[in-house]
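Novice: The structure is given below, and queries will be raised subsequently.
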Amino acid sequence: MRRAGLLHITDCPLERFNSLRRRGQLPFFDDSKGEERSDQLSKWQDFSLEDAFNLRLLMDLMDAEGVAHSEADYVVGNALRNLSMHPLNYPSSHGEMWVAGGVLTDPGGSSEKGFWRFHIAGRFGDLPGLAEGQMAGFPDSQLVRLTSVNASRAADFVRDKARELGLPEGDDYSQVWESARWPHWVELADNSEAEE
């Protein structure tokens, strides 16, 4: 899809997109970055549904959760790797997927930045346990912040808007990576239904 389609299905204003692009802060590869007349070049660039999803997720973290771009980009760029299936390929009717990023204090001073960051992903109710698991490696640290966002909502949002615009990407499930297995809670739910 072209830039106009990307902006429509993410609800991203052109000015914000250009601002993120000029600063190299888009959550995907931008081959127009650094080019003279790059605002015009980005108009003709091809974008995928996954690019739209990543941008929507980044904006959700920055707008709804109020986190800085660097932290939101860290979560988008890393937490999705913890999922066995990409949210774009996973029906939210099976349960919503959430991604989160946490910040821990570093009382020992072993981090150059003075804090530790981690990323997790799973069902909303599982996030506290997953965060505790991450914190176990840092027994003297305290959790400063845990920022989460509903990745399934962002996936449904861009898919629905793509369908609304008549873009084939709305129903194309071949564009994003996919694991061969469903998340464990879906397997359990499917097995329990089969036993009944």
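Readers should treat all values here as calculations from the given coordinates under stated rules, not as data from a laboratory. From a predicted model like this one, the values you see are computed outputs, not experimental measurements. Cβ: placed from backbone, ideal geometry, glycine included. Neighbour counts: every protein chain shown.
Novice: Set the Förster distance to 30 Å, then compute FRET efficiency between Asp11 and Val144 from the Cβ-Cβ distance, nearest 0.05.
Specialist: Working: r = 30 Å, r/R0 = 1.00.
The pair Asp11/Val144 has a calculated efficiency of 0.50.
Novice: Could you order peptides 62-71, 148-157, 120-129 by the average number of other Cβ atoms within 10 Å of their residues, highest first?
Specialist: 148-157, 120-129, 62-71
Novice: Follow-up. For His119, list long-range residues whose amide hydrogen, built 1.01 Å from N in the peptide plane, is under 5 Å from its own amide hydrogen.
Specialist: It is Gly102, by chain and number.
Novice: Would you mind putting 46-59, 87-100, 134-147 in packing order, based on average other-beta-carbon counts within 10 Å, highest first?
Specialist: The densest-packed peptide leads the list: 46-59, 87-100, 134-147.
Novice: Quick one: Karplus J couplings for the stretch 81-88, per residue in order, coefficients 6.51, -1.76, 1.60, θ = phi - 60°, nearest Hz, x for Gly and Pro?
Specialist: Each residue's phi maps through the Karplus curve to give 5, 7, 9, 7, 9, 5, x, 5 Hz.
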